[in-house]
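Undergrad: Input: one structure, supplied below.
The values are calculated or read from the model by the stated rules, or taken from the named source; none is laboratory data. The model shown is predicted, which means the values in this text are computed figures rather than measured ones. When we count neighbours, we look across all protein chains shown, and the Cβ atoms used for this are built from the backbone with ideal geometry, even at glycine.
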């Protein structure tokens, strides 16, 4: 049961760590064969703008996850499974939103790594929900260790990128 309480705190940390080799969009010049003027290309987002947008998104999702975690101060297995399910839904929505971001060239590699780690955490969230529903303490403990280990990697990646809210 002590494991269940510790896991609720872990859920808050999972919020802004997502992953999937994303289709990162970059602006491409417009090519037109017609004599009409070509539309101007999509403005390139700067590193500073990208960091500001992503940190803002992380701040919002972290607030949602904190609100979810406050529902049950000392959750039972079933309550913890419900918290993790709600948190997972929020995390999946967040992941979809950040995958759609325009990413500056200088941040592409770090951001792709961040997405990969986040996707791994999303998969582990689903496994954790199953373990909580089954009251499987051994699996809960194993998954907690994996989540902690993966959660530390985005912190390094995001700090190298200059993010202050995401990945922590």
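Undergrad: Going through the range 149-168 one residue at a time, which ones are touching a helix residue (DSSP H, G or I) at 6+ places or on another chain (Cβ under 7 Å) and assigned to a helix (DSSP H, G or I)?
TA: If the condition is that a residue be touching a helix residue (DSSP H, G or I) at 6+ places or on another chain (Cβ under 7 Å) and assigned to a helix (DSSP H, G or I), then 150, 151, 153, 154, 157, 158, 160, 161 are the ones that fit.
Undergrad: Which ones in the range 29-79 are under 15 Å from residue 101 (Cα atoms) and at pLDDT below 90?
TA: First, pick out the residues of the range 29-79 that are under 15 Å from residue 101 (Cα atoms): 42-58.
Within the range 29-79, 42, 43, 44, 45 qualify.
Undergrad: Quick one: is residue 138 part of a helix (DSSP H, G or I) and over 22 Å from residue 72 (Cα atoms)? I'd like the intermediate steps shown before the answer.
TA: Details: part of a helix (DSSP H, G or I): yes; over 22 Å from residue 72 (Cα atoms): yes.
For residue 138, the condition - part of a helix (DSSP H, G or I) and over 22 Å from residue 72 (Cα atoms) - is met.
Undergrad: Next question, about the same structure. Which of the residues spanning the range 65-84 are assigned to a helix (DSSP H, G or I) and buried (at least 17 other Cβ atoms within 10 Å of the Cβ)?
TA: 65, 68, 69, 77, 80, 81, 82, 83, 84, listed by residue number.
Undergrad: Quick check on the range 123-134. Is at least one of its residues closer than 15 Å to residue 91 by Cβ, in a helix (DSSP H, G or I) and out of contact with any helix residue (DSSP H, G or I) (no Cβ under 7 Å at 6 or more places or on another chain)?
TA: yes
Undergrad: Mind listing just one residue for me: the one in the range 119-168 that is under 11 Å from the mean Cα position of the chain (by Cα) and more than 18 Å from residue 50 (Cα to Cα) and, of those, modelled with the lowest pLDDT?
TA: Filtering the range 119-168 for residues that are under 11 Å from the mean Cα position of the chain (by Cα) and more than 18 Å from residue 50 (Cα to Cα), the one modelled with the lowest pLDDT comes out as 151.
Undergrad: Considering only the range 102-109, I want to know if a residue exists there that is at positive phi, in contact (Cβ under 8 Å) with a residue 12 or more places away in the chain and either surrounded by fewer than 19 Cβ atoms within 10 Å (Cβ to Cβ) or touching a strand residue (DSSP E or B) at 6+ places or on another chain (Cβ under 7 Å) (or both). Break it down into steps so the answer makes sense when it comes.
TA: At the first step, the residues of the range 102-109 found to be at positive phi are none.
Checked against the condition, which is being at positive phi, in contact (Cβ under 8 Å) with a residue 12 or more places away in the chain and either surrounded by fewer than 19 Cβ atoms within 10 Å (Cβ to Cβ) or touching a strand residue (DSSP E or B) at 6+ places or on another chain (Cβ under 7 Å) (or both), the range 102-109 yields no hits at all.
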